[in-house]
Each structure stands twice: as structure tokens, then as C-alpha cells.
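Q: First the structure, then my questions, so here it is.
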Amino acid sequence: MQTWAIVAILAGLVALATVLGLVWKARNGRVRQVSGDVVRLPEVPLEGNATLLQFSTEVCAPCVPTRRVLSQIAATTDGVSHVDLDLTHRPDIAARFNVLQTPTTLILDRTGHIRARIGGAPKPADVRAALQEILAA
């Protein structure tokens, strides 16, 4: 194979990996508004007007700071609770809610309907903005 062809293939692979990385970074931690299923799990008590349901695993590094952020938001926002659910030994729940990465956070309204979904570590301002919409409704 020609040297220029090898260089072109490698440059193409680097460009593709860069684009995929940028797309992943842009989508990670972003709040997506959804209108979906109702969460009915004994591990998730619906308390107040909204619940921040965090899915974690034992080996998840970003889950610890996410837990701190969500707990702090729940503690400082009236009517909001935070539940951290470990999926390490609960693949049934991961499959039911299509959890492909941890942390994944679902924002539930008072009836348990999923109103927003965040894949990855959430930005506090984005979580607060999503909660404002839910609490105002």
C-alpha cells in the first residue's frame, strides 16, 4: 500500500474519532425533555412535587459527584427529593428504563411520570431549569 494512502486512512480515522467524540461530549449530561413511562418501583418513593431518580453502579466514577449535586439540589429546592438506585444487581430495571450508561438521571413529576432524562453527569443549572418547568406545571 502506498504511504500517502496509509496517511489518508489514518487522517480519516482521526477525523472520524474526533467528530464522534465531540458529538458524544455534546450529548453527555444534556437534559432531554421526555413524556413517558410512569415509574412504579418500591425503591422509589414519590415524595413532593418532583423526584430526581439517579441510576448508578458500584464502579461508576462520575456517580459520586452526581449524587452530591442532585442531593444538594433536592435539599435546597422545596418539594424535590433525590433517590439513588444502584443497578449493579438490577439489570431488569436497567433494561426497563433503557439505561445504557451511569449515571443516568430521570426527573419525575409528582405522579411518577418521566418528564426529563439526563445521560451522564448533569449540569446543576440544567437540572434546576428542568425542575422549574416541572414545578411550574
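Q: Residue under question is Gln132, and the condition is that it be modelled with pLDDT of 95 or more and open to solvent by 20 Å² or more (accessible area, probe 1.4 Å); does it hold? Let's see the steps before the verdict.
A: Details: modelled with pLDDT of 95 or more: no; open to solvent by 20 Å² or more (accessible area, probe 1.4 Å): yes.
Considered against the rule, which asks whether it is modelled with pLDDT of 95 or more and open to solvent by 20 Å² or more (accessible area, probe 1.4 Å), Gln132 comes out as no.
Q: For Ala116, indicate whether it is among the small types (Gly, Ala, Ser) and assigned to a loop (DSSP other than H, G, I, E, B).
A: No.
Q: For Thr88, all conditions in the list (1) more than 15 Å from Leu135 (Cβ to Cβ); (2) touching a residue at least 24 places away in the same chain (Cβ under 8 Å); (3) buried (at least 16 other Cβ atoms within 10 Å of the Cβ) hold save one; what is the number of the exception?
A: Status for Thr88: all satisfied but (3).
Q: Continuing with this model, one more query. Is it fair to say Arg32 is out of contact with any helix residue (DSSP H, G or I) (no Cβ under 7 Å at 6 or more places or on another chain), in a strand (DSSP E or B) and either open to solvent by 70 Å² or more (accessible area, probe 1.4 Å) or modelled with pLDDT under 85 (or both)? Reasoning before the result, please.
A: Details: out of contact with any helix residue (DSSP H, G or I) (no Cβ under 7 Å at 6 or more places or on another chain): yes; in a strand (DSSP E or B): yes; either open to solvent by 70 Å² or more (accessible area, probe 1.4 Å) or modelled with pLDDT under 85 (or both): yes.
Answer is yes for this residue.
Q: Now a separate question. Limited to region 8-29, what total is found for residues that are open to solvent by 80 Å² or more (accessible area, probe 1.4 Å) and either of a type in the set (Ser, Thr, Tyr) or farther than 26 Å from Arg117 by Cβ (or both)?
A: Qualifying residue count for the region: 5.
Q: If you don't mind, another one. Which one is least open to solvent (accessible area, probe 1.4 Å), of the residues in region 45-65 that are among the aliphatic types (A, V, I, L, M) and in a loop (DSSP other than H, G, I, E, B)?
A: Kept after step one, since they are among the aliphatic types (A, V, I, L, M), are these residues of region 45-65: 46, 50, 52-53, 59, 61, 64.
In the following step, the residues that additionally are in a loop (DSSP other than H, G, I, E, B) were identified as 46, 59, 61.
Values: Leu46: 62, Val59: 136, Ala61: 79 Å².
The residue in question is Leu46.
Q: Oh, and also: Quick one: which of Ala95, Ala75 is open to solvent by 70 Å² or more (accessible area, probe 1.4 Å) and modelled with pLDDT of 95 or more?
A: Working: Ala95 fails: modelled with pLDDT of 95 or more.
From the options Ala95, Ala75, the qualifying one is Ala75.
Q: Pairs only if they're at least six apart or on different chains, beta carbon under 6 angstrom, first in region 94-121 and within 16 Å of Ala137 (Cβ to Cβ), second among the hydroxyl-bearing types (Ser, Thr, Tyr); list them, first residue then second.
A: Here the result reads Leu108/Thr51, each pair linking region 94-121 to a residue that is among the hydroxyl-bearing types (Ser, Thr, Tyr).
Q: Return the only residue of Arg40, Arg68 being at pLDDT 85 or above, of a type in the set (Lys, Arg), at negative phi and not in a helix (DSSP H, G or I).
A: Numbers: Arg68 fails: not in a helix (DSSP H, G or I).
Just one listed residue meets the conditions, Arg40.
Q: Is it the case that some residue within region 111-128 is acidic (Asp, Glu) and within 25 Å of Ala26 (Cβ to Cβ)? Walk me through it before giving the result.
A: First, pick out the residues of region 111-128 that are acidic (Asp, Glu): 126.
Narrowing further to those that are within 25 Å of Ala26 (Cβ to Cβ): 126.
For region 111-128, residues acidic (Asp, Glu) and within 25 Å of Ala26 (Cβ to Cβ): present.
The values are calculated or read from the model by the stated rules, or taken from the named source; none is laboratory data. In this text the structure is predicted, and so the values were computed from the model without any measurement. Note that each Cβ is placed from the backbone with ideal geometry, even for glycine, and that neighbours are counted across all protein chains shown. Accessible surface is based on the protein model in full, side chains and every heavy atom, while ligands, DNA and RNA are left aside. Shrake-Rupley method; radii C 1.70, N 1.55, O 1.52, S 1.80 Å.
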